[in-house]
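Read-outs: derived from the displayed coordinates by stated rules, not from any lab. What you see is a predicted model; the values in this text were computed from it and never measured. No Cβ is skipped: glycine too gets one built from the backbone with ideal geometry, and neighbour counts run over all protein chains shown.
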Amino acid sequence: MRFLKLFNPVLGLKIISNNFDLLLQLVKRNISSRYKGSTLGVLWGLVQPLMMLCVYTFVFSIIFKARWGINTDENKAAFAIIMLCGLAVFNIFTECVNGSCSLIINNPNYVKKVIFPLEILPVAFSLATTVLGLIWFFILFIGAAMLLNGLSWTMLLLPVTIIPLILTSCGLSLFVASLTVYLRDTPHFVGIITQMLFFMTPIIYPIEAVPEKYRWFLQFNPLSMIIEQTRCFFLYGKLPNFALCGVLFLISAVIFQLGLIWFIKTKRGFADVL
């Protein structure tokens, strides 16, 4: 009976609603502590994407002479904005997953508290990372207005892809946070996987540049679909493929559910290991 309860599709919503105040406090703490004590503070959230944007633009549009091949002016600035959109999505994902690896082992005091819902920790971390990651989209908003086709009402559809991104990130964060307790090599393995994933996701190149026989592999990657659809409505002013977005939401919901089930099933042994 307990096993069937774990497959309850609203299990995650129930846990969040029951611990909403705690979740909100943890999200606020994660946001405030991210740049605590630094000179620039939250401005680092702007400095990081701008520096990465400059480096990637120089390498791929000047050294490698990369072009996107769309019906916009093929200038370096437009190329940079299109690439930054992919980086914004990918950066949120990698920060959530990589940062969640050590969440449990770095907070052993929470493990010893019987009534503390440990599954809230990866969720709160992922939500805080997403909120801070929205700074990237603020830069995209300005860049699209100045360098591409201007502003479009379709930019308001950002939650269509951000919600699946959050669900996917939370699900995998729950999984790696639990796995690291039992296998301390997990952060190193996850770091390698995310580096490989960067080049297997259409961030620095359009998916159309991939040969047809290999393109299915990239399309199987949920991040590829999220990035492609985000570019569609946020930069190009086009409506997304709502059927594909529906499938994307279902996939991300399943990933979140499986990650939550894994975490709940394994957290009973945390105290013995830590």
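Per-structure values
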| item | result |
| --- | --- |
| Residue order, fewest to most beta carbons within 10 Å, for 152, 252, 169, 33 | 33, 152, 252, 169 |
| Computed label-point distance, nm, for sites residue 243 and residue 22 using a 7 Å Cα→Cβ extension | 4.3 |
| At R0 = 22 Å, FRET efficiency that the Cβ-Cβ distance of residue 250 and residue 216 yields, to 0.05 | 0.70 |
| Net lengthening on full extension, residue 151/residue 116 (0.36 nm per residue, minus Cα-Cα) | 8.1 nm |
| Positive dipole terminus of the chain, leading residue within 200, 158, 120 (C-beta point charges) | 120 |
| Dimensionless Rg ratio for segment 134-274, taking C-alpha atoms and the 2.2 N^0.38 Å reference | 1.23 |
| Size of charge dipole - the chain - debye, nearest 20, with Cβ of Lys, Arg +1 and Asp, Glu -1, no other charges | 680 |
| At 0.692 mPa s and 37 °C, Stokes D of the chain from Kirkwood alpha-carbon radius, µm² per second | 166 |
| Mean residue ellipticity (222 nm) of the chain, computed from DSSP H runs ≥ 4 via -39,500 (n - 2.57), nearest 500 | -22000 deg cm²/dmol |
| Links that overshoot a 25 Å alpha carbon limit, given the list 14/36; 14/265; 113/265; 28/112 | 14/36 |
| Distance between modelled label sites at residue 10 and residue 163, nm, 7 Å Cα→Cβ extension | 1.6 |
| Centre separation in Å (Cα based) which lies between segment 211-265 and segment 97-118 | 28 |
| Extension reserve of the residue 192-residue 109 stretch, reckoned as 0.36 nm per residue once the Cα distance is removed | 26.9 nm |
| Mean separation of Cα contacts under 8 Å, 6 or more apart, over the residue count of segment 11-269: relative contact order % | 26 |
